[in-house]
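In what follows, a structure is listed as structure tokens, so that the remarks can point back to it.
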Amino acid sequence: METNLNQLYDAILAGKLEDAVSVTNQAIAESVAPQTIINDYMVKAMEEIGARFEAGKAYVPNLLMSARAMKGALDILKPLIGGDNKVTIGKLCIGTVFGDLHDIGKNLVASMFEGCGFEVINLGVNVTADKFVETVKNEKVDILCMSALLTTTMNYMKTVIDALKEAGLRDQVKVMVGGAPVNEKFAMEIGADAYTDNANAAVVAAKKLMGIN
Ligand code: B1M
């Protein structure tokens, strides 16, 4: 019987890890495209749990359980995103900024970059300006990517860009930003080179910054 991917949406929304993993495995076996599974069902479920949280109809433990289910399903899909591209087209680092612990979107973007041929240094969450600067300096990355999911932490992106300038490194690296509260206007105001609102667009923008069509 064909997989009903609405069950994946329901499993992530309800925070049921085992169900999410099992439906994802079925969908892969039936050759459903990973991007369809992620964008049309998994991300949608996370949006819905966020909306319920905002409306006072879900609580932090619900967010945590949904996040756990999303991550479990995403781990299975990761190797399938973008095929087994072994050619490196650029080096980048990515991290969620200081004070912010949200990493699902950031990890999705990192996986897409890897799948599409970038060498990725994933710095994790709660990343300080010092850590970003040290990585740009020591690893000679082409692009520095920052993620923020909170209105209270997005301003830290400017702190990082200012720290790069202070260290004399701003001209050596491109800066990309993303995350739910961030937008194009904010990105330009803080002096970033690019903003994208999803993982696919992030890859396209990064290639453009590298001069690759
Ligand atoms: Co939190 N949380 N959370 N949370 N959480 C939000 C962000 C919130 C919008 C929920 C809400 O109120 N509706 C709200 C923020 C409000 C605001 O600031 N405007 C919120 C809050 C308030 C909080 C706490 C303060 C709650 C509390 O404790 N009272 C707390 C803060 C903790 C902290 O960080 N210091 C908190 C905690 C948590 C959990 C730990 C429980 C959990 C995170 C688990 C984890 O990540 N490991 C969690 C979750 C799961 C969410 C929601 C529900 C889902 C986030 C998510 O994973 N989305 C979120 C509501 C929402 O966003 N609708 C919410 C799916 C993901 C695929 O999308 O991350 O947007 P996203 O990434 C996208 C794009 O944004 C873009 O591409 C990605 C893929 O397409 N993108 C980039 C992201 N980064 C990029 C970087 C790039 C490019 C593109 O670089 C180039």
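Any residue at all in region 84-95 that is surrounded by 15 or more Cβ atoms within 10 Å (Cβ to Cβ), assigned to a helix (DSSP H, G or I), more than 10 Å from the ligand (Cβ to nearest atom) and more than 12 Å from the chain's Cα centre (by Cα)?
From region 84-95, those surrounded by 15 or more Cβ atoms within 10 Å (Cβ to Cβ) are 89-95; that's our starting set.
Those left that are additionally assigned to a helix (DSSP H, G or I): none.
No, that holds for no residue.
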Do you know which of the residues in region 156-213 that are away from the ligand (no atom under 15 Å from the Cβ) and within 22 Å of E114 (Cα to Cα) is surrounded by the most Cβ atoms within 10 Å (Cβ to Cβ)? Q172
Can you find a residue that is in a loop (DSSP other than H, G, I, E, B), within 14 Å of the ligand (Cβ to nearest atom) and crowded, with 17+ Cβ neighbours inside 10 Å anywhere in region 35-48? no
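Bear in mind these aren't lab numbers, they're just calculated from the coordinates by the rules spelled out. Quick caveat: nothing in here was measured; it's all calculated off a predicted structure. As a convention, Cβ positions derive from the backbone with ideal geometry for all residues, glycine included, and neighbour counts pool all protein chains shown.
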